Amino acid sequence: MESVKNLKKELKSRDNSFNDIETINVKVKHEEEIYSGYNYDRNEVLNPALSDFLVEKAESLHKRSKLRIKIFSDFSLEEHELFSAIKNKFKGEFESYERKLKQTAIFSLVVLILGILFLGIFVLEEMFFHNVVLSIILEIASWVFIWEAVNSFFLERMTLKEKWRQMARLYDAEIEVVVLDLDGIGAEKEIN
């Protein structure tokens, strides 16, 4: 139980004094680990395993910190291809989540309007006709539509917005390439 308290204190102190820049270190031995194997002419598409790794690592870092992606390799990399592949991947993901956020907002509005419409029909039906079966159907339909609107606008959009922010962080990340001479004495040559 004491270790849980210590962990909570450590995490709380980390939240209060986060680093401005947090680094994701990536070790690459072969070019196929960086780029998709389906590329034909140029290396413009990031390997899905690498992008998943970057997303997973970014999720574990403080959400308010800026990211730095530091790639360690034992071979020379074309910087512009690497930067382009990383930026294109996360820009595409960012735009995809942005579209999903807009679609969810529109869906929520449409479903809310339908829920209010069913609720209005329910009230009119109660005042003028009062058919028990129809009343139950209209009441259930109105509350289901209204709940779905609340669920999608507040709960689903919150999850999408968090992923949207994560993709923006990864897109804005600084990228640094370090070429290691593994055959030599371990001298590093930085490319930036």
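The values are calculated or read from the model by the stated rules, or taken from the named source; none is laboratory data. From a predicted model like this one, the values you see are computed outputs, not experimental measurements. Note that each Cβ is placed from the backbone with ideal geometry, even for glycine, and that neighbours are counted across all protein chains shown.
Values for this structure:
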| read-out | value |
| --- | --- |
| Out of Ala149, Ala105, sole residue that is at pLDDT 95 or above and crowded, with 17+ Cβ neighbours inside 10 Å | Ala149 |
| Failed item, numbered, when His30 is tested on (1) in contact with a Lys or Arg (Cβ under 7 Å, 6 or more places away or on another chain); (2) over 22 Å from Arg165 (Cβ atoms) | (1) |
| Qualifying positions in the stretch 124-183 - outside any helix (DSSP H, G or I) and under 30 Å from Lys89 (Cβ atoms) | Asp172, Ala173, Glu174, Ile175, Glu176, Val177, Val178, Val179, Leu180, Asp181, Leu182 |
| Test for Leu67: is it outside any helix (DSSP H, G or I), at pLDDT 90 or above, under 17 Å from Glu174 (Cβ atoms) and not β-branched (Val, Ile, Thr) | yes |
| Subset of the stretch 44-66 [under 12 Å from the mean Cα position of the chain (by Cα) and of a type in the set (A, V, I, L, M)] | Leu54, Val55, Ala58 |
| Test: residue in the stretch 105-120 that is within 31 Å of the chain's Cα centre (by Cα) and aromatic (Phe, Trp, Tyr) | yes |
| Given (1) more than 26 Å from Glu31 (Cβ to Cβ); (2) among the hydrophobic types (A, V, I, L, M, F, W, C); (3) surrounded by fewer than 17 Cβ atoms within 10 Å (Cβ to Cβ), index of the condition Leu114 fails | (3) |
| Residue that is over 29 Å from Glu156 (Cβ atoms), of a type outside the set (S, T, N, Q) and touching a residue at least 12 places away in the same chain (Cβ under 8 Å), where the choices are Phe75, Phe94, Phe90 | Phe75 |
| Some residue of the stretch 88-96 being surrounded by 16 or more Cβ atoms within 10 Å (Cβ to Cβ), among the polar types (S, T, N, Q) and farther than 16 Å from Glu32 by Cα | no |
| Flag for Glu59 being over 24 Å from Val179 (Cβ atoms) and either at pLDDT 70 or above or of a type outside the set (Ser, Thr, Tyr) (or both) | yes |
